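As structure tokens, the structure follows; a few thoughts come after it.
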2 protein chains.
Amino acid sequence: MSDLFKPSRRAFLRGGAAVAAGSVAGAANAAGPDPLITELQDWESYLGAGVDETPYGLPIRFEQDVVRRNVEWLTASPISSINFTPIHALEGTITPQGCAFERHHSGAIELAKDDFRLMINGLVDKPLVFSYEDIERFPRENHVYFCECAANTGMEWAGAQLNGVQFTHGMIHNMEYTGVPLRTLLAEAGADMSLDKWVYVEGADASSNGRSIPMEKALDDVLVAFKANGEALRMEHGYPVRLVVPGWEGNMWVKWIRRIEVVDRAVESREETSKYTDVYEDGTARKWTWVMDAKSVITSPSPQMPIKHGAGPLVISGLAWSGHGQITRVDVSRNGGITWETARLGKQGDTKALTRFYLDVDWDGAPMLLQARAMDETGYVQPTKDQLREQRGENAVYHNNCIQTWYVNAEGVAENVEVS
Amino acid sequence: MSDLFKPSRRAFLRGGAAVAAGSVAGAANAAGPDPLITELQDWESYLGAGVDETPYGLPIRFEQDVVRRNVEWLTASPISSINFTPIHALEGTITPQGCAFERHHSGAIELAKDDFRLMINGLVDKPLVFSYEDIERFPRENHVYFCECAANTGMEWAGAQLNGVQFTHGMIHNMEYTGVPLRTLLAEAGADMSLDKWVYVEGADASSNGRSIPMEKALDDVLVAFKANGEALRMEHGYPVRLVVPGWEGNMWVKWIRRIEVVDRAVESREETSKYTDVYEDGTARKWTWVMDAKSVITSPSPQMPIKHGAGPLVISGLAWSGHGQITRVDVSRNGGITWETARLGKQGDTKALTRFYLDVDWDGAPMLLQARAMDETGYVQPTKDQLREQRGENAVYHNNCIQTWYVNAEGVAENVEVS
């Protein structure tokens, strides 16, 4: 076993990071085992832990900071709060349910499958009440979709506010949902499916969180979903059944769903009038802004993920998504938008799902103004913050999909800034 | 709110399951609210729980049986054990890490990122030692891959043994892995990449679990991976870095990886001689059986997932996979292989990843002999158990990819059986 430790830790450190210089001078010439590394690498000398005592596994203790977090001042009470995904520390595209963004308006309710009922009424031939078991008997589908709160990045309208991508962009998750197409259940009830009709969807919690959805969307890709990433929805994600409204704002993804009424016009509920609309400068409101436009953000480096290794090879990693379909291209700028480089897409994203992008660079150690700019299959290009403000004014809260800027200094520390 | 409860629970029960009869007679005619359902559906009258106290969420208490499980008699000690994925209760294709199959030979070790070192030595120009941070500086990739133990379904060679798909087929998981291609690190070390060379990969745990991998595979799609489903590997999945060997037996996916030696022939380690080979009837051994051939199984109904709703619409749901690439077709038989129907693929699977399939049927309530048969892009068709026995004899333990049969009786209870 002794040859395993020939390259000493000391020699390695002398040589610098293996990839930084393109070659490591010291390692191959090391004279013998280094006591330090031998002591460090002693796991071979004892048995590890059995795994049988943790039937449902949790992250290792070294990762205890990679959790969803709320912002205390954002809502009046934790009973009506938001949990942000730690996107700075995640990779790939799937969000584990345990740290996935969720928003609840009157707390998370504990609703057993046996107590679940979903009613479809209104403009239907036969009002129906479905049990959980009934839902499971219809043909089901699986799709990876992102769910983004309309308020994601909303604090940033007023300027660079929050110093962490978890908080500027973490009101989003991306999971593989399993569910029954809503159109199947509407057909079962003999609903009037004329395209001028709407469905009004309510949750069973105290907020009810009722939202109106135009029939065209209801018949398209909306799911009545009961699994996420293969397993049951967590309580806070709407157990046992939630609505999935692909590409549309997260508030419409009604949790603990209990009723779908087919109606001849939008209900104009609290959630679609006093909330989830934006007031223009002239006092009129921007309304029915359901689709989440193309957006992207660099997750690393970012304020919570400084560069610690100094100059040399650097992986710039980020996420892009569009409520209109697939991401076709992402550009990255290192100088605040003066010049752009086309990023590598980690793999072709599903439609209305997160796409991971990378720019693999050789960092010269000079400060950078990092930006990403997403494009989707419609040809839409993610706008700058100034462009958005020009369109929407200064009162906006929702649907801020502007280009985000991180200033990275020579030490690798990143900061949320604005460039004009 | 009163109109919400017009359809009474009693009337609903009288009418039967909403989908069973194709229409529900009673619901629309109900006279008024039913006290029972009103009492059941009272969540609107109080606030739910805040979510802020569970920064990393766990499944709701009603799902506490959906956990990975081991089989006490299978190994001598929990320090060398296997945890089976609860595939009977999962849907879609992604396996959450918390309940994902894992096998450890000498316990799970706690190896901090700062202590991690990966050495590449042997037939290389410059032996290198990589820190965790070094690994993060190389261009990375994301892929969903299945990881199946070669011993999965191994108990079944001798006949129908285990009454639960979690135990017959649960030595498998399917996660989105993020990592650096092994070929990148080999190139960095100036490895001899001639196709007659091998790499020998060791873990840092006491078992070391060393395995030899032919250079052609090492240069193809093997990843040095540090994330699964977006987040850090769990301790028991090899934190902080493991090998991912797509389509090949799980034992080669070395966890807590510490050394990769480039060698001119296979090492013939314990894990590839006394283990993970099969002895034929004539005493010779079947060896280097790395690829997991195409396989499928029905996860619901299954012995742990009886049909509780009686005759009528039934979703038959299952998983298929192939170490040779994509699943192109799955057939389902309801009469023990006499006739077959082509299943619907939930969505086109990634290569070397789980594919979900469905057969949506109108069950007449008569007993069934359920089977699934997978086909992959090479044209290979999953064999029957008799066909496999004919090829491999009766001493085999590993690589049982035969067609599985569940007998479902008129009450919907499923049992593991054999048909010839």
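The values are calculated or read from the model by the stated rules, or taken from the named source; none is laboratory data. As the structure is a prediction and not an experimental result, all values here were calculated from the model. We place every Cβ from the backbone using ideal geometry, glycine too, and count neighbours over all the protein chains shown.
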Can you pull out the residues in segment B:181-199 that are surrounded by fewer than 19 Cβ atoms within 10 Å (Cβ to Cβ) and farther than 25 Å from A:G92 by Cα? B:G190, B:D192, B:M193, B:S194, B:L195, B:D196
State whether one or more residues within segment A:270-277 are under 30 Å from B:R61 (Cβ atoms), surrounded by fewer than 23 Cβ atoms within 10 Å (Cβ to Cβ) and more than 9 Å from every other protein chain (Cβ to nearest Cβ). yes
Does segment B:384-399 contain any residue that is closer than 29 Å to B:P313 by Cα and under 21 Å from the mean Cα position of the chain (by Cα)? yes
Identify, by number, the condition in (1) out of contact with any Phe, Trp or Tyr (no Cβ under 8 Å at 6 or more places or on another chain); (2) surrounded by 16 or more Cβ atoms within 10 Å (Cβ to Cβ); (3) more than 9 Å from chain A (Cβ to nearest Cβ) that B:P86 doesn't meet. (3)
Need a quick list: strands (runs of 3 or more DSSP E) entirely within segment A:277-337 having at least 1 residues that are over 17 Å from the mean Cα position of the chain (by Cα). A:312-321, A:327-333
Which condition does B:P139 not pass, out of (1) at the interface with chain A (Cβ under 9 Å from one of its Cβ atoms); (2) within 30 Å of B:A396 (Cα to Cα); (3) more than 11 Å from the chain's Cα centre (by Cα), if it passes all the others? (2)
Are any of the residues in segment A:119-133 more than 30 Å from A:Q348 (Cβ to Cβ), surrounded by 19 or more Cβ atoms within 10 Å (Cβ to Cβ), facing chain B (nearest Cβ under 7 Å) and in contact with an Asp or Glu (Cβ under 6 Å, 6 or more places away or on another chain)? no
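Listed here are the residues, each with its yes/no results for (1) out of contact with any His (no Cβ under 9 Å at 6 or more places or on another chain); (2) facing chain A (nearest Cβ under 7 Å); (3) touching a residue at least 60 places away in the same chain (Cβ under 8 Å).
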{"position": "B:I82", "(1), (2), (3)": "no, no, yes"}
{"position": "B:L90", "(1), (2), (3)": "yes, yes, yes"}
{"position": "B:H105", "(1), (2), (3)": "yes, no, yes"}
{"position": "B:A108", "(1), (2), (3)": "no, yes, yes"}
For segment A:213-224, enumerate the residues that are buried (at least 21 other Cβ atoms within 10 Å of the Cβ) and part of a strand (DSSP E or B). A:I213, A:L223, A:V224
Report, by residue number, each residue of segment A:374-384 that is buried (at least 16 other Cβ atoms within 10 Å of the Cβ) and assigned to a loop (DSSP other than H, G, I, E, B). A:Y380, A:Q382, A:P383, A:T384
Please tell me if B:G230 is closer than 21 Å to B:T85 by Cβ and either more than 10 Å from chain A (Cβ to nearest Cβ) or surrounded by 22 or more Cβ atoms within 10 Å (Cβ to Cβ) (or both). yes
Just to be sure, is A:P59 part of a loop (DSSP other than H, G, I, E, B), modelled with pLDDT of 90 or more, more than 17 Å from the chain's Cα centre (by Cα) and at the interface with chain B (Cβ under 7 Å from one of its Cβ atoms)? yes
Checking B:R356 against (1) within 11 Å of chain A (Cβ to nearest Cβ); (2) assigned to a loop (DSSP other than H, G, I, E, B), which test does it fail? (2)
Just give me the residues in segment B:354-369 being crowded, with 22+ Cβ neighbours inside 10 Å and hydrophobic (A, V, I, L, M, F, W, C), in sequence order. B:L354, B:F357, B:L359, B:M368
Looking only at residues that are among the aliphatic types (A, V, I, L, M) and in contact with a Ser or Thr (Cβ under 8 Å, 6 or more places away or on another chain) in segment A:139-158, which one is nearest to A:V222 (Cα to Cα)? A:V144
Return yes or no: is B:H169 within 13 Å of another protein chain (Cβ to nearest Cβ), at pLDDT 95 or above, within 16 Å of the chain's Cα centre (by Cα) and farther than 20 Å from B:F130 by Cβ? no
Here are some residues: B:R61, B:R68. Which one is within 27 Å of A:K113 (Cα to Cα), surrounded by 21 or more Cβ atoms within 10 Å (Cβ to Cβ), outside the structural domain of B:H169 (by TED's automatic domain parsing) and basic (K, R)? B:R68
Test of understanding: among A:Q348, A:Q371, A:Q387, A:Q391, which residue is touching a residue at least 12 places away in the same chain (Cβ under 8 Å), assigned to a helix (DSSP H, G or I), assigned by TED's automatic domain parsing to the domain that holds A:L314 and polar (S, T, N, Q)? A:Q387
Which members of segment B:329-353 meet the condition of being surrounded by fewer than 20 Cβ atoms within 10 Å (Cβ to Cβ), over 27 Å from B:V291 (Cα atoms) and of a type outside the set (A, V, I, L, M, F, W, C)? B:N335, B:G336, B:T339, B:E341
Does at least one position in segment A:160-182 carry a residue that is of a type in the set (D, E), in the same structural domain as A:L90 (by TED's automatic domain parsing) and touching a helix residue (DSSP H, G or I) at 6+ places or on another chain (Cβ under 9 Å)? no
Can you tell me how many residues within segment A:241-268 are touching an Asp or Glu at 6+ places or on another chain (Cβ under 9 Å) and within 14 Å of chain B (Cβ to nearest Cβ)? 12
In the set A:A151, A:A112, which member is surrounded by fewer than 21 Cβ atoms within 10 Å (Cβ to Cβ) and facing another protein chain (nearest Cβ under 9 Å)? A:A112
